[in-house]
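Note sheet for the following structure.
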Amino acid sequence: MNKIVVTAFEPFGIIPTNSSLEILKTLSEDYQKIVLPVSYEKCDTLLKDILLNQKPDYLILLGQAQNRHTISLEQGAINLINTPTRDNDGKFYLNKIIKEDGNDGYFNTIDASRLVEELASTYPISLSYSAGVYVCNYVFYLALYYVSKLNLSTKIGFIHFPLYQHQTEDSLPTLELDTMVKATNHILQLLLNK
């Protein structure tokens, strides 16, 4: 059986909850669950420590994307932070390279397109070609970068979730939390027994 570490983010911005965190809370104790800070500075060391100390077969990163309509499996991450949105430490960066010695981008290593094909008839799930340019893309890029640079065997994937119903009063796209939880468990079970 594969060892899987699953991460999610703490709340950030004006919405007091985070769909990825609510999903993480429901997951089985079969998985190591870690809450990541929405912090550029803290996430770099934390991700490297997770990969080197936990040595998981899979590291699955969960994040919230409030304008998405479906659960999105990310195809890749780019070597760029470019947003005026501040992290929870108050920092923001415009057109900043994440790692000077890193590739321009890295692709996921969990075969996200196959997972989407397998699950699309059961769940509102799609393949995404942009993890954005905020902390989600940042941690996805760092995880893939460290696996590449340190010659690790850990497979890396990132799943973005919309907001869940009643998470905000704004008219943003939402999905039922239960649907997102079921889809996540299905994905993790497929990886666990791979």
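Quick notes on this one:
- Calculated [222 nm] ellipticity per residue, helices only, for the chain: -9000 deg cm²/dmol; basis is -39500 (n - 2.57) per DSSP H run with n ≥ 4, divided by all residues, nearest 500.
- Net charge over other residues, Cβ less than 15 angstrom from the Cβ of R68 (K, R count +1; D, E count -1): -3
- Judged by the mean number of other Cβ atoms found within 10 Å, the most tightly packed of the peptides 68-75, 83-90 leads the ranking 68-75, 83-90.
- Mean separation of Cα contacts under 8 Å (6+ apart) over length of the chain, as relative contact order %: 31
- Extending 7 Å from Cα along the Cβ direction at K55 and again at N193 yields two label points whose distance is 2.7 nm.
- 13 Å Cα-Cα reach of K182 towards aspartates and glutamates, excluding residues that sit fewer than 8 places from it in its own chain: E22
- Rounded to 5, percent antiparallel among DSSP beta bridges of region 34-170: 40
- In the context of the full set of protein chains, residues of the chain present 47 Å² of accessible surface per residue (probe radius 1.4 Å, heavy atoms only).
- The alpha carbons of region 75-122 give a radius of gyration and a Dmax of 15.4, 41 Å, in that order.
- Candidate cross-link partners of K42 among the lysines, defined by an alpha-carbon separation under 18 Å and a same-chain spacing of 8 or more, comprise K33, K91, K96, K99.
- Measuring spread by the Cα atoms of the chain yields a radius of gyration and Dmax of 15.5, 45 Å.
- Cα gyration tensor category, rounded, prolate or oblate, for region 107-166 with a/c compared to 1.5: oblate
- Protein accessible area in the chain, 1.4 Å probe - carbon and sulfur %: 49
- Cα shape, region 131-194, gyration tensor, a/c 1.5 rule: oblate
The values are calculated or read from the model by the stated rules, or taken from the named source; none is laboratory data. Owing to the predicted nature of the structure, the values given are computational and were not obtained by experimental measurement. Every residue, glycine among them, receives a Cβ derived from its backbone with ideal geometry; neighbour counts consider all protein chains shown. Quick note on the areas: whole protein, heavy atoms, side chains included, nothing else; ligands and nucleic acids left out. Shrake-Rupley method; radii C 1.70, N 1.55, O 1.52, S 1.80 Å.
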